[in-house]
Each structure stands twice: as structure tokens, then as C-alpha cells.
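The values are calculated or read from the model by the stated rules, or taken from the named source; none is laboratory data. Remember, it's a predicted structure, so these values are computed and weren't measured experimentally. Glycine gets a Cβ as well: all are built from the backbone with ideal geometry, and neighbour counts include every protein chain shown. Only protein heavy atoms, including side chains, enter the accessible area calculation; ligands, DNA and RNA are left aside. Shrake-Rupley method; radii C 1.70, N 1.55, O 1.52, S 1.80 Å.
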Amino acid sequence: MTNVSFDPLDDPGPDFAGLLRKAGLQAPVPQGDVSAAFDVVHGTTCVSLRYADGVVIAGDRRATSGNIISHRSIQKVFAADRHSGVAIAGAAGPAVEMVKLFQLQLEHYEKVEGTTLSLDGKANQLSQMLRNNLPMAMQGLAVVPIFAGYDQASEQGRLFQYDVTGGRYEELDYTATGSGSLHAGTVIKISFVDHMTRAQAIDLAIEALFQAGDSDSATGLPDLIRGVYPVVATITADGFDRVEDPELEERTRHLIDAFTTRGGRDGGNSLSTDGGPR
Amino acid sequence: MSQPFYVAPEQVMKDRADYARKGIARGRSLIASTYANGVVICAENTSNTLRKVSEIYDRIGFAGVGKYNEFDQLRIAGIRHADLKGFNYSRADVDGRSLANQYANMLGQVFTHEMKPMEVEILVAEIDEEDSAKDQLFHILYDGSVSDHTGNVVLGGDSDAIQERLTAQWAAGGELGTTLKMLVSSLAGDDRELVADDLEVAVLERGTGRRSFRRIEGDELTSLL
């Protein structure tokens, strides 16, 4: 057994990251700018917004390295535990690793302590992980997540935005991260209303990602040919629930139909398939 | 300088074993048994907060009798071992047999090298998601001896009498309610009755997603009994 028994004064308790440090299993920080030496794979746009029953959290499926699309169906939205989720933008390798560690951290705490962390406690944990990742961010491996969850104490959905230093900012209505966040965030900002239904909230998330994909080269559009849609999940009192692909396909087709009907030649909603400038 | 008295190694081991057994006998017992849909663990425990039964990993549960702080240390060591292994390799690589061996090593080491043996008996239970025949119960004693069981196992001081009562009525593959009633009556014996408040019950349940461990408490437990 890896040595997992410690002197009481030296015991990491329910802290899994602390345990990894003590077991000497933490990866060393690279010397020098990694992103200058290699084309690092990047994941991009994710959004999250509050609605009547909780929150919706969603992300596109594209990963890029430089101007190459390196992956068409990457997953950037994950369940952190039963009542929370995390979406990531930034260097994909460290980001996915961070999510894996975060999920394990929450589960480890739950098993050791016999109770789950509060939502604020979880959000704070993610802050600390980002803060610990700062040396990596300095070498070009920045990670910027969104954390969203259903707070069982206050019985509502809550969202948190982060920066590379571990700064944590609670948002009231919506948040977006990644290269397409400006476009996606604007779409939500314009259409957001309080107490949306589940359907409205999912549609808005899909539209936000669609508009980001339409204007930002690093954000992927829904891929109707391969059947690849954004990862969308709802988090409510019933827990984290990923929206199934058939529902997403139907909603995406509705959205595209609506654009097509609205028409327009250029600018505005020139997402029409029948023509282009004449 | 005075020489310490010579004590035969047999005597040392016997004294330590007696000491550990005495400590274990002071606590209440528990039973683990397979049932149609997994493994059920039933412990006599009047506390609602100090647990004897807990989750180690996706398909692995833990239970301990004897001195609370000692088996709790072992429980945490097990969670750490499992989580580290799953982090380093894959979740599928974490298994009960390896964990039981690690526990046996730890307990054996303490038994022979430390001043005082641990006054505990522990159980590592593991279910197989597909095949109920592969459900395993590992029973590890204070001296590191380990045995594996496929049907049921009793831990604690009064285990012989409880085992006798259980064997008389046990049948493989019963429903949860039936199996649980059998375990409770075996724990209680003829001259007393155990109610939901006296018990701590948990199951490792097939077909319930990644984490199979679930506590059965409150109304659910009362209705099953």
C-alpha cells in the first residue's frame, strides 16, 4: 500500500490533493513556456445560466491546437458530483486533469467525512486548485472553468466564474468562458429573463453556443453530419442530468429552422442556407 | 544492567491475541450477507453518527467492529488506498481482494511489531456488477489473518452463537427484506428484539449506477423490518 497512514499532526484529513502531495504523486511544473514549444490543445466556449429549477451548464465540442481542429467531440462539461457540474476552457490536458482531481476531491471528502461539502465549500476547493495551477498557467497552460450547482441549503441554482489566479466570482444570472464567451455571453445577456423554463433555458444555451461558433473560429457549431451536439446538462434538486442527444438534435434543428425562416442576406441573421449575397 | 525476563514467543502472541479478542468482545457484532441484488451489511449500532459501515469505492464497502478509532483509521486508509489507485490507474482496477490483502498486511504488521495489537475485526465487501456469484466478503482479523466468504459472515465477539442462529435459517439469493429480517433476528437472539434505531444497515446494490453503496435508514428501514 502506498503509505497512507500519517502522524495525527501531519494527516491530510479529507483533502485528496493534500494526500497526493504527501504521496509525492503531483506532476512537476514545466520549466519554460510550454505553449511556445508546442501547439497545446485548447478547449473553448462554455456557458451556464440560471433558470426556474436550477442551472443549465453547456459547452461546445471543439478542441483546437493553433489553427488545427484537433478534436470534434471533446467533452468540456462534467458532473462534479451529484448536485454540481464544472465546465472548462483553456489548455485541455491540465483542464481535464483538474476536473478529474476535482471530482475525486469531492467524492473523497464525502467518503472520509460522511457528509457532502457545501456548495460554497466546493466552489472554494476549485479556487484553490486553480491557484495551485497558476505556475502552470504562467507556462501557457491556463485553465478557466465555470462551476455551477444546486445549493441544497438555499434551494436554488448558483453559478461561479473564475480567473487563472483562482479568483472566484459568483454570478447571479449567467456566465460564459473561453474564446467565444463574448458572443455567447451577449446572446444570453439579451434574452435572459428570470424564471425561465427548462426548455427555454436549454434553447438559450444552445443558441448562445451557436452564435459563438458562428463568429469564433475556435468554437464548434453543432455537427449535424456526424451527430455531434453541445454537451448540455441541467442541475436541479434532483441532481446533475445530461440532456440526451435526440432532444438536443431536435432543439438544434428547431433553432436552425428559425434562423432559416428569418432569413436575411448578410449581417444580422444571415444564417440562411438559401443563397448568400446576391 | 538487568536482563528482561525471557517470555516465549508463543506466550507473547497468545497474550496479544487474548488482549485483542477481549477488546473486540466488548463491542457489538455485525453480519454481512449476499442477497439477490448485492450485499447487505447489518450492524448493531445505537449511534446515528459514529458509523461502523461505510463506503470505500464504487463497488466496495467496509465494516468494522471493536475499537472505534482503530477501525476508523483503517477505513480512512482504505478510502485513500482505493482513491489513489483509481486516480493512478483506472476505476476498474480497484478491487476488494487487493484491498483486503493490504489490510491484512497492515494488521499483521501491527500485531507482531507494535506494543498493542489493534482491537478490531474488519470486513471488505465487494459486489460484481454482472455476476452475483462473484460477490465477495473478506473477513480480516486483528492479527492479519484473512478469510473470504461467498454467502455470509459474522464479525464480533459473539460471532459463534450468531453464526449458528444465522446458518440455521440462511438461504442464498433472498430478497432484501427477507434477508435483512434473517440477519436482525440472528443478531438479536431469542430473548431480545432489535428495532430500526438499534441498527445500522447499508447495501452494495447492483444496477444503481457507479456508486453502489447506499445506507438504509429511517422509514425505509422500518418498513423493511
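If one puts a single equal scatterer on every Cα of region A:139-184 and applies the Debye formula without solvent, what log₁₀ I(q)/I(0) results at q = 0.27, 0.29 Å⁻¹? Computed log10 I(q)/I(0) values: -1.04, -1.11.
Shape analysis of region A:25-105 yields a ratio of the Cα radius of gyration to the Kirkwood radius, Rg/Rh, of 1.03. If you model region B:2-50 as an ellipsoid using its alpha carbon gyration tensor, with each semi-axis the square root of five times an eigenvalue, the axes come out at 39, 15, 7 Å, biggest first. The Rg/Rh ratio for chain A, using Cα coordinates for both the radius of gyration and the Kirkwood hydrodynamic radius, is 1.01. Full extension of the chain segment joining residue B:171 with residue B:112 gains 17.4 nm, where the gain is 0.36 nm per residue of separation less the Cα-Cα distance. When the pairs A:76/A:189; A:111/B:22; A:76/B:85; B:52/B:116 are compared against a 26 Å limit on Cα-Cα distance, A:111/B:22 fall above it.
Net charge around residue A:214, counting only other residues with Cβ within less than 12 Å of its Cβ (Lys, Arg = +1; Asp, Glu = -1)? Local net charge: -3. Working from label points 7 Å from Cα in the Cα-to-Cβ sense, the residue A:97 to residue A:172 distance is 3.9 nm. Per the helix-only calculation at 222 nm, which mean residue ellipticity applies to chain A, given -39500 (n - 2.57) for every DSSP H run of n ≥ 4 and division by its residues, nearest 500 deg cm²/dmol? Calculated mean residue ellipticity at 222 nm is -11000 deg cm²/dmol.
Between residue B:214 and residue B:28, what is the label-to-label distance in nm when each label sits 7 Å out along the Cα-to-Cβ direction? Reported label-point gap for residue B:214 and residue B:28 is 2.4 nm.
Taking a Cβ cut-off of under 9 Å around residue B:204, the surrounding Lys, Arg, Asp and Glu residues balance to a net charge of -1, with basic ones at +1 and acidic ones at -1. Distance in nm between label sites at residue B:36 and residue B:185, each 7 Å beyond Cα in the beta-carbon direction? Taking the two extended label points, one gets 1.9 nm. Quick one: angle between helix A:245-262 and the longest Cα principal axis of chain A, in degrees between 0 and 90, rounded to 10, please. The helix A:245-262 is inclined about 40 degrees to chain A. Within straight-line reach of residue B:67, meaning a Cα separation under 16 Å, sit the following aspartates and glutamates at least 8 residues removed in sequence or on another chain: B:18, B:44, B:119, B:121, B:143, B:158. The solvent-accessible area of residue B:192, taken with every protein chain present and a 1.4 Å probe, is close to 110 Å². For residue B:134, a cut-off of 17 angstrom between C-alpha atoms picks up these aspartates and glutamates, skipping any fewer than 8 places away in its own chain: B:58, B:93, B:95, B:126, B:148, B:205. Helix A:181-191 versus the longest principal axis of chain A: what is the Cα-based angle in degrees, 0 to 90, to the nearest 10? Value to nearest ten degrees: 60.
At the residue level, residue B:18 shows approximately 50 square angstrom of accessible surface with a 1.4 angstrom probe and all protein chains present. As an equivalent ellipsoid, the protein assembly as shown spans semi-axes of 52, 27, 18 angstrom, where each value is the square root of five times an eigenvalue of the C-alpha gyration tensor, largest first.
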